[in-house]
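Read the structure below first, then the notes.
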């Protein structure tokens, strides 16, 4: 058909099922990306020139950084792609899974929804900053002991969230832990083990 | 996401001036909804005005009630001793929303400003009158399981997703606003709009206006409960939610305030059921009657038919729960 | 049943071998390798369900800051595997399986990658991708499973099985006939699929990618790009979950390689969560109908099991949904039908427990329904119909401890408290219900190769190219190595996830432990033999002995009947002047002896739950999962696999469902806010019990397999408990609150 463009037509194994275009009543249509973005895109050259990188000072795991970033860069992408701190994970990029949980001035947040520039002057702690050198944080120890993970991808977020959960005073019962840890999804389903780990740390009463 | 201009300000006046002058500018506070919408291309402001430096984070109590700054974090408010002691309904509703991490980012004002979670609003390839006026409503005859049963029209059947706002609607809060023309206040129940002919508008803020605080009047509600029914046990938007605030004297209901979430373009007050309950005893029969009354004017769209029955049971259960220790 | 069975001794119980890396953030997943000069790619995806691209307008996107290239069908470099007749028009060469990304302008489904934007930063690539405009020629499409499943003309590939009389259930004394539906479910591992590709010239390719089979990915890439296999290296050191989505290669893999070759720089591409719904498979939607009958005493007399599940328009994907009804219980008359329904959606693939997970939902629900009609306890009903000989191939099972599973779980959950009449008992104001259901999966054993290097410092390094998506392969293999070599666990390390290592199997179908474990045992046996021979050759005290006269334990070789004459491995290697000894061993597939047996793992799941009598909201109180999985190699990780499977089953039963708007052929909940994966608050305490009896017929490791049976049967157990609590039989998953009011 005229509107099947190159490259080479496929040598299909089941052509009868793939020649739908021959018998179709084709309707030409313009489907476009987001109108608001396209509108903005028209100005893109201008925008690229206009919007300078913004100076940003923040502290990550005790190390001061002086950076220059585009305002649209999220804290998560700054950590991963610019500071190469890959321990903080991208699991959804929309605040729906908790894999990107870090502490900002001691509070747990989703770094995927925080613009990096909004963290000017703040102290960020990531999973890389939790252990004291080779000495694991009690929560890290407890996660290993209770096998609070399988694949390990959500684990940094779970641990950062768990530390905050205890500090906030929301680890007084298994049910309270379950509720206050529900912002951290684990697809491997290590939840009961994670709850056990947090209970143990809470009972241990260590200063976190 | 386009690369936008980013400015910080510590003055409310400066913030509203910039906003009023720039059609494509938006305030950003917690960012939990706005950054998400920008990532999806639903909105693309050319200028973000970071208002986190404004002094609007305080909770202050006076004889008339309590004022909560618009930039107070959801978690801070939910954990605040006065809120927990005197406005437990609000604390409960706040904790029913989102996750601990998001509540540490999201502000009270931002919570009020959050947009609907309708799939068609979020997917820029789909029709949505709210996102793109006159493009049609995808949900009307589409996936509308999560959608509204009150105050709808053919232009929009989206719901407001907040839990907190349901409690504030029940608690007769007022909203303090500042703008280029000065300060004003409006009733919380008048803050959000029904879709009407302008589904693109979620609320009655005028151009450039900024929420500065909310005020909740002192009350004598001694039986309250926030019930949220959802598809998983936590971290999910409401199918239906109910905020109940009762003032009981002995075994008699003196005052009743009821509001529902997940059912309308704004928190939905159940005024008929409220009137019915006044002077009544807290019996199962009365609560079922209140539930039935609450849903009398509801209309559904296929996949959300269940919300009418669920609304009835939710109202009854929330009332039952609020009064269970009598 | 045998009440006096003695569980097999387990290996050491110890922490996960890679635990420290995972809790400190040091574990490096596919997208996390740092390569110099690397750039970022982002997919542009189709926004129609079917048709062709008429035109792509790239001007805006190309103008955007930082854009290096945009690859699509008009400028996609030649990919040998896309043109299987290019070398010889008469003879078909290798053809890339699945969607040939950027090969032509056809659109087969919504969310299909149709272009790729490469830029110097992630933000710039994402933004530029949003500026690509596409003109389509739209075609009529069909994504409506509900509607089209009844149209016989649309169904393909009916497969049929008949044993005894067809539809015998219709004449049964007591009969149940019912339809069961499961929606599309997605794997959605927490790590989104990601690939980094880097070329060294035109003939050497290194790829860091999420895969359950590095060797399979390597072989496919080598053929697709016409490269020598040894010049393709696939690294999958850590895999952030997969559950089947990593069993085959998807468009992201060739696309990233194409871009890296064209740009001559390392290119990284990570899918978005939304793209995880449209590009890496899912569990197909399925309709099932079961007719099942029994005599009044509970003996099954007939089962008819029909199923239809969806596939895509461009590939046929089917799975053994109805097979469970053929063999799980002893029944003289069984007939099954299975049809595929092609729709204009992306291709489904194997997802945890593929086939039986879906089939057991229907069969185990129907049996539960039958138990109420018969007024026979559902466990008793299953015991009455217990199969001792596989009803299809008439072979005895290598091992089968299903009855032991019933007994263990029944006691643990407190089955005696189960309400005899459904919907009759309140506990703390809530309706209380108990349910149970069984699960099964094949327990095969694939080919695997392993290498062992015993060093003079007394450490043992084991290697195989398998990847570990989470079950704990390195932990289990280190355990087997430790036991087989007589070395402490701390001295044994298992390297994996790199095709430079010896050939390992694809991790799937619960067969990793038995396959590689067998190879590791062979490696260790050979190493021990070498050590013994070295001792005889080098150490005077052993000089006159034969290897059989020597024994080994705790890193020491000694004379079997005189342990005082001994030498440590370390000293032996030192004295023999060998820094290390190395052995590579291949373990073939299941032995001929094993072919004389039917081979399966079994599970039984028990559930206790509460249902709010007013609102219909379910609260799980307890799950007990019991497995006949052979010998348990590493108890900690085995238990975690079972717990994880139960959580997956909770999702299947209560929360997970992909929604499609059939007017647009587009998913409407392709995100983690609207596609509900279970969270902490959904998960009750979960008890795991293992029969732990070795199956040495399947493999010398004694293991059968855990990954699939951990999930298979959980959903019907929950549905059965919901019925027990409420008297409402929900046959359409998931059981959301609206279905119980």
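The values are calculated or read from the model by the stated rules, or taken from the named source; none is laboratory data. Please read these numbers as outputs of a predicted model, since none were measured by experiment. Note that we place each Cβ from the backbone using ideal geometry, even for glycine, and neighbour counts take in every protein chain shown.
See the values below:
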| read-out | value |
| --- | --- |
| Strands (runs of 3 or more DSSP E) wholly inside the stretch C:71-177 that include at least 3 residues being in contact with a strand residue (DSSP E or B) (Cβ under 9 Å, 6 or more places away or on another chain) and surrounded by 21 or more Cβ atoms within 10 Å (Cβ to Cβ) | C:113-119, C:133-138 |
| Boolean, residue B:17 is in contact with a strand residue (DSSP E or B) (Cβ under 7 Å, 6 or more places away or on another chain) and either facing another protein chain (nearest Cβ under 9 Å) or over 22 Å from residue B:115 (Cβ atoms) (or both) | no |
| Which numbered condition residue A:97 fails, given (1) surrounded by fewer than 23 Cβ atoms within 10 Å (Cβ to Cβ); (2) at pLDDT 95 or above | (1) |
| Wholly within the stretch C:384-487, strands (runs of 3 or more DSSP E) carrying at least 2 residues that are touching a strand residue (DSSP E or B) at 6+ places or on another chain (Cβ under 7 Å) and under 24 Å from residue C:610 (Cα atoms) | C:430-442 |
| Strands (runs of 3 or more DSSP E) lying entirely in the stretch C:501-605 (those with 1 or more residues that are within 30 Å of residue C:244 (Cβ to Cβ)) | C:580-587 |
| Which listed residue is surrounded by fewer than 24 Cβ atoms within 10 Å (Cβ to Cβ) and away from chain B (no Cβ under 13 Å), from A:148, A:169, A:189, A:204 | A:204 |
| Residue within the stretch B:204-213 that is under 23 Å from residue B:21 (Cβ atoms), within 14 Å of another protein chain (Cβ to nearest Cβ) and part of a loop (DSSP other than H, G, I, E, B) present | no |
| Any chance residue C:227 is more than 13 Å from chain A (Cβ to nearest Cβ), buried (at least 24 other Cβ atoms within 10 Å of the Cβ) and touching a helix residue (DSSP H, G or I) at 6+ places or on another chain (Cβ under 8 Å) | no |
| Yes/no for residue A:96 being assigned to a loop (DSSP other than H, G, I, E, B) and within 7 Å of chain C (Cβ to nearest Cβ) | yes |
| Residue among C:679, C:714, C:691 that is within 11 Å of chain A (Cβ to nearest Cβ) and either at positive phi or in contact with a helix residue (DSSP H, G or I) (Cβ under 7 Å, 6 or more places away or on another chain) (or both) | C:714 |
| Residue in the stretch C:443-495 that is surrounded by the fewest Cβ atoms within 10 Å (Cβ to Cβ), counting only those that are away from chain A (no Cβ under 14 Å) and farther than 30 Å from residue C:550 by Cα | C:447 |
| Search result, residues across the stretch B:122-136 that are away from chain A (no Cβ under 12 Å) and closer than 20 Å to residue B:35 by Cα | B:130 |
| Single match in C:145, C:141 (criterion: within 11 Å of chain A (Cβ to nearest Cβ) and within 32 Å of the chain's Cα centre (by Cα)) | C:141 |
| Test: residue C:645 is within 14 Å of chain A (Cβ to nearest Cβ) and in contact with a strand residue (DSSP E or B) (Cβ under 8 Å, 6 or more places away or on another chain) | yes |
| The one condition in (1) at the interface with another protein chain (Cβ under 9 Å from one of its Cβ atoms); (2) surrounded by fewer than 24 Cβ atoms within 10 Å (Cβ to Cβ) that residue C:640 fails to fulfil | (2) |
| Index of the failed condition, residue B:294 passing every other in (1) within 14 Å of chain C (Cβ to nearest Cβ); (2) buried (at least 19 other Cβ atoms within 10 Å of the Cβ) | (1) |
| Residue tally, condition out of contact with any helix residue (DSSP H, G or I) (no Cβ under 7 Å at 6 or more places or on another chain) and more than 7 Å from every other protein chain (Cβ to nearest Cβ), over the stretch A:172-186 | 4 |
| Residue within the stretch A:80-92 that is more than 8 Å from every other protein chain (Cβ to nearest Cβ), part of a helix (DSSP H, G or I) and modelled with pLDDT under 95 present | no |
| The listed residue being within 24 Å of the chain's Cα centre (by Cα) and within 15 Å of residue C:435 (Cα to Cα), out of C:703, C:719, C:710, C:725 | C:719 |
| Complete set of residues in the stretch B:213-229 that are over 16 Å from the mean Cα position of the chain (by Cα) and closer than 23 Å to residue B:113 by Cβ | B:217 |
| The stretch C:178-192, subset out of contact with any strand residue (DSSP E or B) (no Cβ under 7 Å at 6 or more places or on another chain) and within 12 Å of another protein chain (Cβ to nearest Cβ), residue surrounded by the most Cβ atoms within 10 Å (Cβ to Cβ) | C:190 |
| Qualifying residue in the stretch C:71-88 (condition: within 30 Å of residue A:82 (Cα to Cα) and more than 7 Å from chain A (Cβ to nearest Cβ)) | yes |
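Residue-by-condition table, conditions (1) touching a helix residue (DSSP H, G or I) at 6+ places or on another chain (Cβ under 6 Å); (2) assigned to a loop (DSSP other than H, G, I, E, B); (3) within 14 Å of chain A (Cβ to nearest Cβ); (4) surrounded by 24 or more Cβ atoms within 10 Å (Cβ to Cβ):
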position: B:219; (1), (2), (3), (4): no, yes, no, no
position: B:248; (1), (2), (3), (4): no, no, no, no
position: B:272; (1), (2), (3), (4): yes, no, no, no
position: B:288; (1), (2), (3), (4): yes, no, no, no
position: B:298; (1), (2), (3), (4): yes, yes, no, no
position: B:315; (1), (2), (3), (4): yes, no, no, yes
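Residues are listed down the side, and each one gets a yes or a no for (1) surrounded by fewer than 16 Cβ atoms within 10 Å (Cβ to Cβ); (2) more than 27 Å from residue C:304 (Cα to Cα):
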position	(1), (2)
C:362	no, no
C:371	no, no
C:374	no, no
C:381	no, no
C:389	yes, no
C:408	no, yes
C:432	no, yes
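Residue-wise test of (1) facing chain A (nearest Cβ under 7 Å); (2) buried (at least 24 other Cβ atoms within 10 Å of the Cβ); (3) more than 16 Å from residue B:139 (Cα to Cα); (4) free of Cβ contacts under 8 Å to residues at least 24 places away in the same chain.
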{"position": "C:635", "(1), (2), (3), (4)": "no, no, yes, no"}
{"position": "C:652", "(1), (2), (3), (4)": "no, yes, yes, no"}
{"position": "C:657", "(1), (2), (3), (4)": "no, no, yes, no"}
{"position": "C:666", "(1), (2), (3), (4)": "no, yes, no, no"}
{"position": "C:674", "(1), (2), (3), (4)": "no, no, no, yes"}
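Yes/no per residue for (1) within 12 Å of chain A (Cβ to nearest Cβ); (2) in contact (Cβ under 8 Å) with a residue 24 or more places away in the chain; (3) in contact with a strand residue (DSSP E or B) (Cβ under 9 Å, 6 or more places away or on another chain); (4) on the phi > 0 side of the Ramachandran plot:
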residue	(1), (2), (3), (4)
B:59	no, yes, yes, no
B:70	no, yes, yes, no
B:96	yes, yes, yes, no
B:99	yes, yes, yes, no
B:117	yes, yes, no, no
B:140	no, yes, yes, no
